[in-house]
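All remarks here apply to the structure that follows.
Values quoted throughout were computed directly from the atomic coordinates according to the rules given, and no laboratory measurement underlies them. Model, not experiment: these values are computed from the prediction. Because the Cβ atoms are built from the backbone with ideal geometry, glycine has one as well, and the counts that use them run over all protein chains shown.
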Amino acid sequence: MPIGLTPFTNGSVCTGYTWRIEDEAELARLVGRLMLGQYLHVVKVLAETGCTPPTSSEAMVASVLRRLHVPDGTDPWHRDGLLFQHISWIAAARMASTDAVLCPPHLIPAHKGFDGVQVEVERGAESLSAIVIFEDKATINPRETIREDVWPGIEAIERGERDVELMQTATLLLQTRFDVNVDAAIANIVWDSVRRYRVSVTVGETHSDPEGRERLFAGFDDAAAGADIGRRRGETYQLNDLRKWMAEFAQAIAASLTESLFVAGASQGVLSGMLL
């Protein structure tokens, strides 16, 4: 597996995982496939079922490379946020049960919808057991970002302000399950009992130990109140030089994609023109 997960519990505030990259080259390859829209292939790879990746055209790869490229003098935040969402999606898919369905990752930087959504339903049941809402933040100021951005966003969801969007997303995901009565499951949703949250964030050394994670996620149980700690999940990935790592990772993704085209028979001239 390209990502390893180590569990932690932060008192009664939240439970969660710290990430570690165990195979960066494979992670770059899988993120590249996700950015090509080939998320079903990635799911099969993570399930270790064995499969051949779909064919990708030169135009498809060129489109991804344009999204990976940050022009001189412009901010890399949108590109880095997109890459982090894809890494987060792989970490979530790595842990998802067979009764969970994940929304495919976004392909557009600065997308305004949910960073990710996962629905969970018991086989044969006519109601949802959980709708997990992802908050993914690639930032050099993790505590400020969580306090000023993530917690207010979760509080708005708790007030029901985004239930229409959740309803639409849940319906689309449930339609992929042939063992679920979608109409009954949607009709039986009790929003206050199914909303769960997964907050994933990049951190430095300051928030990489138990005490640091306690400071980082302080207030989670206020934003998403309730005795069930399972509805609050925090995840961290330590990057001491976020922008440098993301730039190098983008290069690794580009190299993986152009290499796959070369193997498929694309011309060297075309590949050279695509490199970042």
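Computed quantities for the displayed model
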| quantity | calculated |
| --- | --- |
| Leading residue by the ranking (surrounded by the most Cβ atoms within 10 Å (Cβ to Cβ)) among those in region 143-171 that are hydrophobic (A, V, I, L, M, F, W, C) and in contact (Cβ under 8 Å) with a residue 24 or more places away in the chain | Ile146 |
| Hits in region 103-120 (condition: in contact with a helix residue (DSSP H, G or I) (Cβ under 6 Å, 6 or more places away or on another chain), closer than 18 Å to Leu174 by Cβ and surrounded by fewer than 19 Cβ atoms within 10 Å (Cβ to Cβ)) | Pro104 |
| Candidates Val182, Val194, filtered to the one that is closer than 16 Å to Val117 by Cβ and in contact (Cβ under 8 Å) with a residue 60 or more places away in the chain | Val194 |
| Inter-residue pairs, beta-carbon under 7 Å, first within 17 Å of Ala254 (Cα to Cα) and free of Cβ contacts under 8 Å to residues at least 60 places away in the same chain and in region 34-60, second of a type in the set (A, V, I, L, M, F, W, C) and outside any helix (DSSP H, G or I), 6+ apart | Met60/Leu36 |
| Members of region 133-180 that are closer than 23 Å to His78 by Cα and hydrophobic (A, V, I, L, M, F, W, C) | Ile133, Phe134, Ala138, Ile140, Ile146, Val150, Trp151, Ile154 |
| Set Arg94, Arg20: member being under 17 Å from the mean Cα position of the chain (by Cα), of a type in the set (D, E, K, R) and surrounded by fewer than 16 Cβ atoms within 10 Å (Cβ to Cβ) | Arg20 |
| Positions within region 54-71 being basic (Lys, Arg) and surrounded by 16 or more Cβ atoms within 10 Å (Cβ to Cβ), in sequence order | Arg67 |
| Candidate set from region 213-231 (those that are closer than 21 Å to Leu242 by Cα and in contact with a Gly (Cβ under 9 Å, 6 or more places away or on another chain)); member that is surrounded by the most Cβ atoms within 10 Å (Cβ to Cβ) | Phe217 |
| Leading residue by the ranking (nearest to Pro2 (Cα to Cα)) among those in region 56-103 that are part of a helix (DSSP H, G or I) and among the small types (Gly, Ala, Ser) | Ala91 |
